[in-house]
Amino acid sequence: MSDTAVHIQRLRRVYVWEKPVRIYHWLNVLVLLALVVTGFYIANPLALQSQHEATGKFTMGWIRYIHFAAAYIFFFNFLFRIYWGFVGNKYASWRQFLPISRKFFKEMWYVFRMDILMLKGREHMSIGHNAMAGFIYFLTFVVFLVQCLTGFGLYASTSSWWFPKLFAWVPAMLGGDILTRQVHHWAMWFFILFVVIHVYLVFYHDYVEGRGEMSSMGGGWKFIEEETFTRGHHQTPNPEKAKAQDGPVK
Amino acid sequence: MSNDALPKLPPTYYQEVERKGYSRRDFLGFVTMMAAFMGLEKSAIGQVVKALETKPRVPVIWLHFQECTCCSESFIRSSHPIVADILLDKISLDYSETLMAASGFQAEASMKNTMEKYKGEYILCVEGSVPTAADGVYCMIGGKTSMQILEEAAANAKAVIAWGSCASNGCVQSARPNPTSATPIHKVLKAGVPLIKVPGCPPIGEVMAGVIVHLVTFGKIPELDRLGRPKAFYSKRVHDSCYRRPYYDAGLFVESFDDENAKKGYCLYKVGCKGPSTYNACGVMKWNNGTSYPIQAGHGCIGCSEENYWDNGRLYERASAFAGFGIEANADDLGKVALAATGVAVAAHAIATNVRKHKLIFNLEKEGKQSEKELES
Ligand code: HEM
Ligand code: HEM
Ligand code: SF4
Ligand code: SF4
């Protein structure tokens, strides 16, 4: 192959994920990890200690303590992210997550064809989340909510603080703690599957786009081609640039 | 004592206690015990005594539908003899298929009589669920369906008590596939009459007595939780008052029945104890005159007072069966399958990416290599 046609891109640094979004993201990763690990233990405690004596032990107690402490952080972190969806930059905006415009659906459909069915065509490149990713995060937030409702609902009867008591209606609505716990348990699997796919897709985008996707959640930067600016090609549903063209580009 | 000749002014409870030959001391002992169970303050004991001394007994109609009578059994075995003798005995029951002396037309007349004479005064106790399939023919008494009987009796009742899991949640006869459409009574009763649910299979006798004494003493229904159960008895999980709880907190569990840990009395969580999701007073009041309760006997709680407890998964397993995926599958089995499938899908996608997007990746690499070359000096 000849080298003559090599097209060297000029890249511009774009601040995509602001610091609060990044802190939210990694705090969320940390507490979710803690919640899943402790959740598994609560659901099915390992038989590691069967031979131990009972004196001075509080293993399940600590595990539950970590679960509840992480749960509080998780909940308020989540609330913070919702707040940031209203005051943060355009890539953090709540509009990124809700499929409420034709454009959003169009983009989701396009991402589906290009990145899942692997059809040939002009590549789709977005700067923030692409529409499909935004929608999946929206679903994730819904499951966050389910976990908080069922979790605090279960916690309500064991707590004397008013805050968890606010959720006491959840098990009452579901008809009791047994079903509430089951829902809480099933929902955990959503996160496990989500994380596998999510982390894979982060690698994937880094690999096929070459814009620094992997590191973007670290420093906040992505590196966007000069052309994208000159031609005004913003794939991300952009409230401030509604006139931005619809078609996919390369 | 016959029920059909109702005296003009019914005797008070205390008069009946005396007539039955109990001493004042027995009576006070009974009141103190009840007050303690109901979680009343000491100062309220006098109030209870006064009420039982002065108030005429409240007429009670006790209906039996789709049930096994274990609630009645539990009630008459409750620890204090006065419970059975006075509260439940012929004295207080104007109609109860199981315990009344009258039968046939006499019995029907007695019920009718009570309903007319004490309109808006009598307490309606219901044991059992109501089948609604096939117009209710699965449970008929005296030519009427249980639905009709319930509607008639509830219309003018002061309060309705749903005894046990059958009347409160449907219990075993409402388990899938529920051929008779067994329905708990709060779903068939018209709103308006206050309803107290006292779930359990059966409920604890002292709890049942406590509910009745509360109604008699205060003339109103006890404070209820969101699911309509008296808070005094159903606000804590069995787990919260379980004497094995320290083993749970320590992480020490029975792995299988009859293992070394079972002998040591460790927590029964891993052999299916539903105590952590079951609201009942078993750990505090216990059964058979406070002798023991299932967990004390080495068996996990089966969650008998919770909704759908027959469909809530297996009795000896923590993880519940997943409806529609065969009885063997639980959430974790399905999760593992889904995880494996996700792994395969991700791997397939990675391969497809390298094939289908070969040119794109190749160009990126080429561009990168070119830049690398230009940096060489
Ligand atoms: C979002 C991530 C979360 C995950 C993955 C998770 C996972 C789990 C799992 C697997 C269980 C065991 C359920 C079972 O018995 O099978 C559990 C229990 C529980 N979780 Fe969570 N949970 C999460 C969030 C929360 C939150 C936000 C709360 C709020 C307080 C919470 C409170 C509880 C409570 C109270 C229990 C029952 C513990 C007990 O009674 O011993 N969880 N969790
Ligand atoms: C428990 C594990 C994880 C969870 C629950 C999680 C969750 C999320 C969520 C909810 C978002 C949306 C961000 C927002 O706008 O608020 C996101 C974005 C992102 N995450 Fe994660 N994440 C996890 C692990 C990771 C890991 C290990 C990486 C590795 C680098 C990563 C990299 C990213 C990146 C680059 C984005 C932006 C993606 C985009 O273009 O849409 N995440 N993550
Ligand atoms: S035996 Fe059951 S109720 Fe008692 S501590 Fe263990 S799980 Fe809880
Ligand atoms: S221990 Fe559980 S299953 Fe047993 S009677 Fe009490 S609530 Fe019902």
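At-a-glance table
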| item | result |
| --- | --- |
| The one condition in (1) over 21 Å from A:I224 (Cβ atoms); (2) touching a Gly at 6+ places or on another chain (Cβ under 9 Å) that A:K106 fails to fulfil | (2) |
| All positions within segment B:226-248 that are within 9 Å of chain A (Cβ to nearest Cβ), open to solvent by less than 40 Å² (accessible area, probe 1.4 Å) and of a type in the set (S, T, Y) | B:Y248 |
| Odd one out for B:A331 among (1) more than 9 Å from chain A (Cβ to nearest Cβ); (2) modelled with pLDDT under 85 | (1) |
| Where a residue in segment B:259-279 is within 8 Å of chain A (Cβ to nearest Cβ) and within 9 Å of B:G303 (Cβ to Cβ) and its partner, wherever it lies, is part of a helix (DSSP H, G or I) and of a type in the set (K, R), with Cβ under 6 Å and at least six apart | B:S277/A:R181 |
| Search result, residues across segment A:169-179 that are buried (at least 18 other Cβ atoms within 10 Å of the Cβ) and at the interface with chain B (Cβ under 8 Å from one of its Cβ atoms) | A:G176, A:D177, A:I178, A:L179 |
| Within segment A:141-226, helices (runs of 4 or more DSSP H) holding 3 or more residues that are under 30 Å from A:F112 (Cβ atoms) | A:177-209, A:213-219 |
| Criterion: without any contact (Cβ under 8 Å) to a residue 60 or more places away in the chain, more than 16 Å from ligand 4 (Cβ to nearest atom), closer than 14 Å to B:L63 by Cβ and among the small types (G, A, S) - qualifying residue of B:G142, B:G192 | B:G142 |
| Test: B:G200 is in the same structural domain as B:A51 (by TED's automatic domain parsing), buried (at least 20 other Cβ atoms within 10 Å of the Cβ) and at pLDDT 90 or above | yes |
| Test: residue in segment A:203-216 that is among the small types (G, A, S), facing chain B (nearest Cβ under 7 Å) and within 23 Å of the chain's Cα centre (by Cα) | yes |
| Total residues in segment A:116-161, condition in contact with a helix residue (DSSP H, G or I) (Cβ under 6 Å, 6 or more places away or on another chain) and within 16 Å of ligand 4 (Cβ to nearest atom) | 0 |
| Residue within segment B:249-262 that is out of contact with any Lys or Arg (no Cβ under 6 Å at 6 or more places or on another chain), open to solvent by less than 20 Å² (accessible area, probe 1.4 Å) and within 16 Å of ligand 4 (Cβ to nearest atom) present | yes |
| Criterion (more than 30 Å from A:V14 (Cβ to Cβ) and touching a residue at least 60 places away in the same chain (Cβ under 8 Å)) met by exactly one of A:A47, A:A43, A:A92 | A:A43 |
| Boolean, B:K286 is within 12 Å of ligand 4 (Cβ to nearest atom), open to solvent by 40 Å² or more (accessible area, probe 1.4 Å), under 30 Å from B:E127 (Cβ atoms) and among the charged types (D, E, K, R) | yes |
| Residues of segment B:161-181 that turn out to be surrounded by fewer than 24 Cβ atoms within 10 Å (Cβ to Cβ) and either in contact with a helix residue (DSSP H, G or I) (Cβ under 6 Å, 6 or more places away or on another chain) or under 19 Å from B:I61 (Cα atoms) (or both), as a count | 2 |
| Residue within segment B:208-224 that is within 14 Å of chain A (Cβ to nearest Cβ), surrounded by fewer than 22 Cβ atoms within 10 Å (Cβ to Cβ) and away from ligand 2 (no atom under 16 Å from the Cβ) present | yes |
| Filter pass, A:Y72 being away from chain B (no Cβ under 11 Å) and touching a residue at least 60 places away in the same chain (Cβ under 8 Å) | no |
| Test: residue in segment A:45-66 that is within 16 Å of ligand 1 (Cβ to nearest atom), more than 11 Å from chain B (Cβ to nearest Cβ) and over 25 Å from A:W221 (Cα atoms) | yes |
| Which numbered condition B:F257 misses (of (1) of a type in the set (F, W, Y); (2) in a loop (DSSP other than H, G, I, E, B); (3) within 8 Å of ligand 3 (Cβ to nearest atom)) | (3) |
| In segment B:348-377, the residues that are at the interface with chain A (Cβ under 9 Å from one of its Cβ atoms) and small (G, A, S) | B:A350, B:A352, B:G368, B:S371 |
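The values are calculated or read from the model by the stated rules, or taken from the named source; none is laboratory data. What you are looking at is a predicted structure, and each value in this text was computed from that prediction instead of being measured. In this analysis, Cβ positions are derived from the backbone assuming ideal geometry, glycine residues included, and neighbour counts consider all displayed protein chains. Side chains are part of the model used for accessible areas, which takes the heavy atoms of the whole protein and leaves out ligands, DNA and RNA. Shrake-Rupley method; radii C 1.70, N 1.55, O 1.52, S 1.80 Å.
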